Amino acid sequence: DPAARPAGAAHRLEDVTPAAPLRPGKIIGVGLNYVEHVEESSRSLDTDKELPPRPVLFSKPATAVTGPGAPILHNGDLTQQLDWECELAVVIGRTAFRVSEEEAYEHIFGFSIVNDISARDQRRSGQWFFSKGQDSYAPFGPVVVTADEIPDPMALDLSLRVNGVTKQKSNTRHMLFPIARLIADISSGVTLEPGDVIATGSPSGVGAGMVPPEFLVPGDTVEATVEGIGTLANPVVDAR
């Protein structure tokens, strides 16, 4: 009840500058988790064309997190292939270690959006950390919606626009490995702690897969939208 809140506890959205909802202890990214993205990645990014038998996992550091409206840094000395990926983010609420798929949802606090920004020309001998882990490469937000407000996170529309033009459009039901499987797989050997974030993978429509390829440049605006959560918008700025 808003009336029961202490004076000054609530502010109008237009009167504040939103930040990322939290600083995750760790961000675990999931690669190649939509079937059509597996195909486009094999064609444009030299990944395996066969569907992965287990989730493909990588990490992004907490220093990569940036909030809604904050800039995505484009450093032309480091990349000419800055790319986008709209992803449903799962925020862990209870410590999870060796949990089953049936138990997985008991450990979720809520859901948000991560734009998994990637410098495609900074993959090093197949390793993705620097490609995906640079500062500002994890726009996160605009809010965390608690799990009770999302009846079925495996049935959410998601989309991404660059300068108002739709580049990605899909639904979480097309994930190769659903959320429960991801939590069970990750927690089989890595403890998931409250505040950790799983970025559950990108659908097709990334810039590297376009013909010809398209990449972000300073002056662009990227908007990632997930049904029931909102839109995460960020400008691209020159970091040099």
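Here is how the numbers come out for the structure above:
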{"quantity": "Any chance residue 232 is within 21 Å of residue 23 (Cβ to Cβ) and in contact (Cβ under 8 Å) with a residue 12 or more places away in the chain", "calculated": "yes"}
{"quantity": "Number of positions in the range 168-180 that are surrounded by 16 or more Cβ atoms within 10 Å (Cβ to Cβ) and either of a type outside the set (Gly, Ala, Ser) or touching a Phe, Trp or Tyr at 6+ places or on another chain (Cβ under 6 Å) (or both)", "calculated": "8"}
{"quantity": "Scope the range 21-31; condition crowded, with 21+ Cβ neighbours inside 10 Å and either under 13 Å from the mean Cα position of the chain (by Cα) or basic (Lys, Arg) (or both); matching residues", "calculated": "24, 27, 28, 29, 30, 31"}
{"quantity": "Residue tally, condition in contact with a Lys or Arg (Cβ under 6 Å, 6 or more places away or on another chain) and over 22 Å from residue 159 (Cβ atoms), over the range 51-64", "calculated": "1"}
{"quantity": "The range 221-240, residues that are of a type in the set (Asp, Glu) and surrounded by 16 or more Cβ atoms within 10 Å (Cβ to Cβ)", "calculated": "223"}
{"quantity": "Some residue of the range 84-101 being of a type in the set (Lys, Arg) and over 15 Å from residue 29 (Cα atoms)", "calculated": "yes"}
{"quantity": "Residue within the range 188-204 that is in a helix (DSSP H, G or I) and either farther than 23 Å from residue 139 by Cα or hydrophobic (A, V, I, L, M, F, W, C) (or both) present", "calculated": "no"}
{"quantity": "Flag if residue 218 is in contact with a Ser or Thr (Cβ under 8 Å, 6 or more places away or on another chain), in contact (Cβ under 8 Å) with a residue 60 or more places away in the chain and either crowded, with 19+ Cβ neighbours inside 10 Å or not charged (D, E, K, R) (or both)", "calculated": "no"}
{"quantity": "Strands (runs of 3 or more DSSP E) fully within the range 73-167 counting 3 or more residues that are in contact (Cβ under 8 Å) with a residue 60 or more places away in the chain and either exposed (fewer than 13 other Cβ atoms within 10 Å of the Cβ) or in contact with an Asp or Glu (Cβ under 9 Å, 6 or more places away or on another chain) (or both)", "calculated": "86-92, 108-115, 157-162"}
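Readers should treat all values here as calculations from the given coordinates under stated rules, not as data from a laboratory. Note that the structure is a prediction, hence the values are computed from the model and not measured. When we count neighbours, we look across all protein chains shown, and the Cβ atoms used for this are built from the backbone with ideal geometry, even at glycine.
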